[in-house]
1. Counting Lys +1, Arg +1, Asp -1, Glu -1, what net charge surrounds TYR37 among other residues with beta carbon under 9 Å of its beta carbon?
2. Going by a ≥ b ≥ c, the root eigenvalues of the Cα gyration tensor, does the chain fall in the rounded group (a/c under 1.5), the prolate group (a/b larger than b/c) or the oblate group?
3. For a quick check of your reading of the filter: which trypsin sites (Lys or Arg not before Pro) in the chain sit in a DSSP loop and have no more than 10 other Cβ atoms within 10 Å?
4. Among all lysine pairs in the chain that are eight or more places apart or on different chains, how many have alpha carbons less than 18 angstrom apart?
5. Under 9 Å from the Cβ of TYR9, count the other residues' Cβ atoms, weight Lys and Arg +1, Asp and Glu -1, and hand me the total.
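Just so you know, all these numbers are worked out from the coordinates, no wet-lab data involved. It should be emphasised that the depicted structure is a prediction, and the values quoted were computed from it without experimental measurement. A quick note on method: Cβ atoms are made from the backbone with ideal geometry, for glycine too, and the neighbour counts reach across all protein chains shown.
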Amino acid sequence: MQQEQKLSYSPEAAAAATDMNRSAIYRAIQSGDLKSYKVGRLRRITRQALENYVSKLEKGAA
């Protein structure tokens, strides 16, 4: 069975998906390195924004 890809993540789910801690995700959002949006009081991060952020981290580590 193929797992369904989520379109957006909560910061907690984004942290779990990237094996980072929640604080690192929030710092990346605050610095503008990780794009996010709000729906009411909930913050969400798109799959594309998360992939772009991880890609930037990979390029910086090389």
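1. +4
2. Oblate.
3. On the way: sites: LYS6, ARG22, ARG27, LYS35, LYS38, ARG41, ARG43, ARG44, ARG47, LYS56, LYS59; in loops: LYS6, LYS35, ARG41.
Of the trypsin sites (Lys or Arg not before Pro), the ones in loops of the chain whose Cβ has at most 10 other Cβ atoms within 10 Å are ARG41.
4. Working: LYS6/LYS35; LYS6/LYS38; LYS35/LYS56; LYS35/LYS59.
Number of lysine pairs found: 4.
5. Here the count lands on +2.
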